[in-house]
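Okay, structure first, notes after.
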Amino acid sequence: MPQSKPAAKTGLLSEASRAEIDRWVAKYPPDRKQAAVMAALRIAQDQNGGWLSVDLIEAVAQYLEMPPIAVHEVATFYTMYDLKPVGRHKVCVCTNISCLLNGSDRIMSHLQKKLGVKPGETTPGGKFTLKEVECLGACTGAPMMMVDKTYHENLTPEKVDQILDQLE
Ligand code: FES
């Protein structure tokens, strides 16, 4: 029996997203467009309010002519990708070694108490999603967190309060 072709999903990527992905693809040799997969997933995630649906992951796979499983593997490996809806602000706390040695556990418990959620959860009003992430390369500023796309370093519970309290 002839196998039916999977439905094209690339239309799920907005024109702006496709243009941005094309700019990344152009940085690599023509037969290496899959090298843009991490950037493409980030672009697709930004387009979709901060998370990647299965369809969107498959759209990226089709757009870069990659096996869907290979793109799923990337999307599920890195903590920077979210696979379910998230709050308006992502609070990503690094708990890797330098941050741990400098008190990330205190920062994480403060956040859990303040927001009333555990890592991986979103506050009831949908304002914040709390995440525990691996090293974000800012070890000299440990303990640190990234809120949306901004790094905040040398954190104390008081500093965390100031940062979050000014967000809409
Ligand atoms: S260990 Fe936290 S940023 Fe590197």
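General observations
- In this calculation the C-beta distance from LEU101 to ALA19 is compared with R0 = 41 Å, giving a FRET efficiency of 0.45.
- Proximal lysines to LYS113, defined as alpha-carbon separation beneath 28 angstrom and excluding residues fewer than eight positions away on the same chain: LYS84, LYS90, LYS127, LYS131, LYS149, LYS159
- Cβ crowding within 10 Å averaged over residues, with 54-61, 17-24 ranked highest first: 54-61, 17-24
- Ranked by how many other beta carbons lie within 10 Å on average, peptides 85-97, 142-154 from highest: 85-97, 142-154
- Applying the Kirkwood pairwise sum to the alpha-carbon positions of the range 89-166 produces a hydrodynamic radius of 12.1 angstrom.
- Acute angle (nearest 10 degrees) that the helix 68-77 long axis makes with the longest principal axis of the chain, alpha-carbon atoms: 10 degrees
- Taken about its Cα centre, the chain carries a charge dipole of about 80 debye when Lys and Arg each add +1 at the Cβ and Asp and Glu each add -1 at the Cβ.
- Per residue, the range 1-90 exposes 62 Å² of accessible surface when a 1.4 Å probe is rolled over the protein heavy atoms with every protein chain present.
- Cα-based reach from LYS114 at 12 Å (exclusive), listing aspartates and glutamates while leaving out same-chain residues under 8 positions away: GLU158, ASP161, ASP165
- Kirkwood Rh and Cα Rg combined as Rg/Rh, the range 10-77: 0.92
- Free-standing Cys, the chain [no other Cys Cβ under 4.7 Å]: CYS92, CYS135, CYS139
- Length released on extending from TYR151 to GLU121, taking residue separation times 0.36 nm less the Cα-Cα span: 8.8 nm
- Compactness relative to 2.2 N^0.38 Å, alpha carbon Rg of the range 29-168: 1.14
The values are calculated or read from the model by the stated rules, or taken from the named source; none is laboratory data. Owing to the predicted nature of the structure, the values given are computational and were not obtained by experimental measurement. No Cβ is skipped: glycine too gets one built from the backbone with ideal geometry, and neighbour counts run over all protein chains shown. The area values use the complete protein model at the heavy-atom level, side chains included, leaving out ligands, DNA and RNA. Shrake-Rupley method; radii C 1.70, N 1.55, O 1.52, S 1.80 Å.
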